[in-house]
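All of the numbers you see were taken from the coordinates with simple rules; none came from a lab. Quick caveat: nothing in here was measured; it's all calculated off a predicted structure. Because the Cβ atoms are built from the backbone with ideal geometry, glycine has one as well, and the counts that use them run over all protein chains shown.
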Amino acid sequence: MPFLGGDREPGVPAFPEGWFYLAMASDLQPGGVLARRVCGRDVVAFRTEAGSVGVLDAHCPHLGAHLGHGGRVVGEALRCPFHALHWDATGKCVGADDGPAPGIYASARTWPLREIHGALLVHYSATHAPPAWGIPDPGMDGWSPVASATLRFPGHVLEVAENGVDRRHFLAVHGYTDVTPFEVDVDGPVMRSRFGFNKDGIAQRFDTLVYGLGYAITDLRIEQLGIHARIILLSNQVDAETVDFTVCTTVEGGLAWMDRFLAAIVDDVKKDLPIWAHKRRLSKPALVPGDGPIGKYRLFARQFYPPET
Ligand code: FES
Ligand SMILES: [Fe+2]
């Protein structure tokens, strides 16, 4: 198991467990096949002709072809390009081009899948344990269609998630002023944090629910502009060194300049990238007053470390 660089805090895993971003549902139309890497594992996602989505370990249980490279949907199954066995969304071999399933007992490992506001999330567990917690659907009635953009950069989901409670960086990196103290509550796999700040002279307030290390939804209020928005941040640890970070935005009642709103949020996130790409994770940071609840976050984050092997 690869570990994080820096001073290599013992036990910090390359791949924490929980729900992580796979793709937007719109990336996968009926008949579509996607090859992805999630938490260092190769997966294949496909949408059947009837519209359901399957996510399997990418390599065919038969002789190891990658189902995401040349695999195609046949009815409700995914056809392997190598010997034309058909695998359904439950991982079972349900047939072959030349007839019924030829008595193969192996099945493809399936990934627990959740579709929420147009995003597909999968659950990673090093031991293949079923998900012990979920992410509620916040409901999108009255909200504009979710707009999204994905950034890929060198880094780690632990660092990305830590950013949300790193009070001083909001001043230094993002140029926020008057950042209030953070109110942070942890309830099992959910962390809620709230704070207010000024950006470009406009008062704003973040109220964020963080579910694990791969999903955060921020309720953003900008009273002066009459904006009530949601910023949804979705992470995936692609491999030990690479993060995909998907920024989603939606505004209650819509906004004439939705594209610019998403672009502004993405621009703000991009300010973090040079820091994330080059920083070290210090197991014993020299915290100072006003840093924010970083210790509390790290305690929260530990619950997602895989069991010792
Ligand atoms: S490797 Fe997939 S059918 Fe043989
Ligand atoms: Fe940041």
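Some values worked out for this structure:
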read-out	value
Filter pass, residue 139 being touching a residue at least 24 places away in the same chain (Cβ under 8 Å), on the phi > 0 side of the Ramachandran plot and part of a loop (DSSP other than H, G, I, E, B)	no
Number of positions in region 224-252 that are farther than 30 Å from residue 278 by Cα and either out of contact with any strand residue (DSSP E or B) (no Cβ under 8 Å at 6 or more places or on another chain) or in a strand (DSSP E or B) (or both)	7
Residue 127 vs. criteria in contact (Cβ under 8 Å) with a residue 12 or more places away in the chain and touching a strand residue (DSSP E or B) at 6+ places or on another chain (Cβ under 6 Å)	no
Extreme residue, surrounded by the most Cβ atoms within 10 Å (Cβ to Cβ), among residues of region 257-298 that are part of a loop (DSSP other than H, G, I, E, B) and touching a Phe, Trp or Tyr at 6+ places or on another chain (Cβ under 6 Å)	292
Only listed residue being buried (at least 16 other Cβ atoms within 10 Å of the Cβ), over 22 Å from residue 136 (Cβ atoms) and away from ligand 1 (no atom under 16 Å from the Cβ), chosen from 227, 202, 232, 217	227
Complete set of residues in region 158-215 that are part of a helix (DSSP H, G or I) and hydroxyl-bearing (Ser, Thr, Tyr)	none
Residue match in region 64-73 (condition: under 25 Å from residue 22 (Cα atoms), near ligand 1 (Cβ under 8 Å from one of its atoms) and free of Cβ contacts under 8 Å to residues at least 24 places away in the same chain)	yes
3 or more residues under 22 Å from the mean Cα position of the chain (by Cα): qualifying strands (runs of 3 or more DSSP E) within region 48-117	53-57, 113-116
